[in-house]
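These notes are about the structure you will find just below.
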Amino acid sequence: MYKQFNVLSAKKALQLVVATGLLLANIQANAQTTTSHSPYSKFGLGQMREDLLPQTRAMGGISSAIRYQSGLPILNMGNPASYSAFSRTILEAGLYGNATELSRTGVKDNTADFAFSHLAIGIPLSQRFGGFAFGLMPYSDVGYNQTSRRKEGDLTYNISSKGEGGINKAFLGYGVSPFKGVSVGANVGFLFGELTDIDLVSFPQNPNMLNARYNETRLIRGATLDYGVQYSKAISRKLNLTIGYMGSLNNTITSKTTSFIKRTEPSSDPDYQNIPLDTVSSVTGLSRKVNLPLKHTVGFTLSKGYNWMVGADFKYADWSYFQTRAGEPALGKNYGFAVGGQIKPDPTSFRYWNIVDYRLGFRYDQTPLQYNNQNIDDMAVTVGLGLPLPETNFGLTFSRINISAEFGQRGTLSNNLVRERYINLNLGFTLNDTWFRRRSYD
């Protein structure tokens, strides 16, 4: 049916997404080492990215009970029990963009960035043996930059704090349906990356004084285990109900810290600023174990074939025992919920915009961070589109471009805090194909 539309082909769409992603990755590698601009990413492991694709982000981030979208299986890394629904090989690749406005007591700043966000593949084994998936995606990011001016008597000096870096997650998962309507699955992940914090004391009004620079780099490594369960049942001739649960163990990872304090010579030339003269102290390879929290998410979806789907998720995680640095403020408990859905106006129509998936959602999180006796909340309205591409291979190959946008706010102006207003954009390419099916004839 989709062949009649004059839209981008699946092959060209994939080439465009991958080429753009490689270009943005190269730009990012030469320009910066983070995709976060949140001052709250200073705490913990930074700003968590979640195991979500554009098609689920657009619905508020619901994922625990999603197996199908628009009648096709979805590669839902959030709940590996969904892998048992694979009937074709699924390829996912995508880009991420962000625009943020930071406000504090009448002062505003705007930032933006782009990055290659994810690459994942899901492969069906059989109806009996389920399916498995593997891929690579971001786990968290650190990106903050704060400067304050202080005065002691006649001495004026600046204190600057800067953080950068990120953690990536490579995963391998398997899902199977041992009983009719019941599916179980698990993901084994490997976290790796570096998080760097830099503190600089400088004396802008006295060029004869040396600056001091403290640099701390945390090398993060470790394995994680996530798991999920789904139960799906037709409750009428047209309606289907799916209930899902996904969680994670209190996984233990390793943080190796290298830190040093150096004296640097001031310079008005930015190319020669902060060149070290000597090292005051240095600590290398200080290793400690970090306990990640137990996470629990439950939810449901109600769907009518290709036409529509609605659902909700409720999540809880306890970060009280998490700590990566000595003396770091303790984190608390994380509560959140998400609601969302999608609709396709007319799956049988020959008008292109009638077969597009329109998505809408809302999410709210009480983050585990409390600062200045104020809980830091995060909420967003989400929208998105699922744009079908022409069917190929005699109707056996289905492709779609998924676009999502999150319009959100984190933090508040109360208690001298920073308020973030952000727009997160995600562009994804989905390919459903029969790559590994044996041909019945040559």
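The values are calculated or read from the model by the stated rules, or taken from the named source; none is laboratory data. Note that the structure is predicted; figures quoted are calculated from it, not measured. Glycine gets a Cβ as well: all are built from the backbone with ideal geometry, and neighbour counts include every protein chain shown. SASA here: full protein model, heavy atoms, side chains in, ligands and nucleic acids out. Shrake-Rupley method; radii C 1.70, N 1.55, O 1.52, S 1.80 Å.
A few points about this structure:
- Any hit, the range 368-381, residues being open to solvent by less than 20 Å² (accessible area, probe 1.4 Å), within 24 Å of MET246 (Cβ to Cβ), touching a Phe, Trp or Tyr at 6+ places or on another chain (Cβ under 8 Å) and of a type outside the set (A, V, I, L, M, F, W, C): yes
- In the range 400-422, the residues that are of a type in the set (Phe, Trp, Tyr) and open to solvent by 30 Å² or more (accessible area, probe 1.4 Å): PHE407
- Count of residues meeting criterion [modelled with pLDDT under 90, open to solvent by 20 Å² or more (accessible area, probe 1.4 Å) and in a strand (DSSP E or B)] in the range 382-398: 2
- Residue match in the range 196-209 (condition: under 30 Å from LYS256 (Cβ atoms), touching a helix residue (DSSP H, G or I) at 6+ places or on another chain (Cβ under 7 Å) and either open to solvent by less than 20 Å² (accessible area, probe 1.4 Å) or not charged (D, E, K, R) (or both)): no
- Of all residues making up the range 303-332, the number that are assigned to a strand (DSSP E or B) and within 29 Å of THR258 (Cα to Cα): 1
- Inside the range 186-195, residues that are open to solvent by 50 Å² or more (accessible area, probe 1.4 Å) and over 20 Å from MET77 (Cβ atoms) make up a count of 1.
- Matching option when the condition is in contact (Cβ under 8 Å) with a residue 40 or more places away in the chain, of a type in the set (A, V, I, L, M) and more than 30 Å from THR111 (Cβ to Cβ), among ILE90, ILE62: ILE90
- Filter pass, GLY78 being open to solvent by less than 30 Å² (accessible area, probe 1.4 Å), modelled with pLDDT under 90 and closer than 30 Å to LEU219 by Cα: no
- Lone unmet requirement of (1) part of a loop (DSSP other than H, G, I, E, B); (2) crowded, with 16+ Cβ neighbours inside 10 Å for PHE300: (1)
- If you filter the range 186-209 down to residues that are at pLDDT 90 or above and in contact with a Pro (Cβ under 6 Å, 6 or more places away or on another chain), you find that the one that is nearest to GLU152 (Cα to Cα) is ASN187.
Residue by residue, here is whether (1) part of a strand (DSSP E or B); (2) closer than 23 Å to LYS315 by Cα; (3) of a type outside the set (Ser, Thr, Tyr) holds:
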position: GLY78; (1), (2), (3): no, yes, yes
position: ALA81; (1), (2), (3): no, yes, yes
position: LEU91; (1), (2), (3): yes, no, yes
position: TYR96; (1), (2), (3): yes, no, no
position: ALA115; (1), (2), (3): yes, no, yes
position: GLY122; (1), (2), (3): yes, no, yes
position: LEU125; (1), (2), (3): yes, no, yes
position: PHE132; (1), (2), (3): yes, no, yes
position: TYR139; (1), (2), (3): yes, yes, no
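- Here ILE220 meets the list (1) surrounded by fewer than 19 Cβ atoms within 10 Å (Cβ to Cβ); (2) more than 30 Å from ASN416 (Cα to Cα); (3) among the β-branched types (Val, Ile, Thr) almost entirely, failing just condition (1).
- For the range 312-367, a residue qualifies if it is among the small types (Gly, Ala, Ser) and open to solvent by 30 Å² or more (accessible area, probe 1.4 Å), and the qualifying residues are SER320, ALA326, GLY327, ALA330.
- Look at (1) over 12 Å from MET77 (Cβ atoms); (2) touching a residue at least 40 places away in the same chain (Cβ under 8 Å) and you find that ALA133 fails only one, number (1).
- Of residues in the range 423-437 being open to solvent by 30 Å² or more (accessible area, probe 1.4 Å) and aromatic (Phe, Trp, Tyr), the one modelled with the lowest pLDDT: PHE436
- Qualifying positions in the range 35-73 - open to solvent by 20 Å² or more (accessible area, probe 1.4 Å), more than 19 Å from LYS295 (Cα to Cα) and not in a helix (DSSP H, G or I): HIS37, ARG67, TYR68, GLY71, LEU72
- Of all residues in the range 81-108, those that are open to solvent by less than 10 Å² (accessible area, probe 1.4 Å), in contact with a Leu (Cβ under 7 Å, 6 or more places away or on another chain) and farther than 30 Å from THR147 by Cα total 4.
- Residues satisfying the stated conditions in the range 109-158, i.e. open to solvent by 80 Å² or more (accessible area, probe 1.4 Å) and within 17 Å of the chain's Cα centre (by Cα): PHE114, LEU119, PHE134, LEU136
- Failed item, numbered, when TYR364 is tested on (1) over 30 Å from PHE350 (Cβ atoms); (2) aromatic (Phe, Trp, Tyr); (3) modelled with pLDDT under 85: (3)
- Within the range 169-185, the residues that satisfy the criterion of being open to solvent by less than 60 Å² (accessible area, probe 1.4 Å) and either among the charged types (D, E, K, R) or assigned to a strand (DSSP E or B) (or both) are LYS169, ALA170, PHE171, GLY173, GLY175, VAL176, SER177, VAL182, SER183, VAL184, GLY185.
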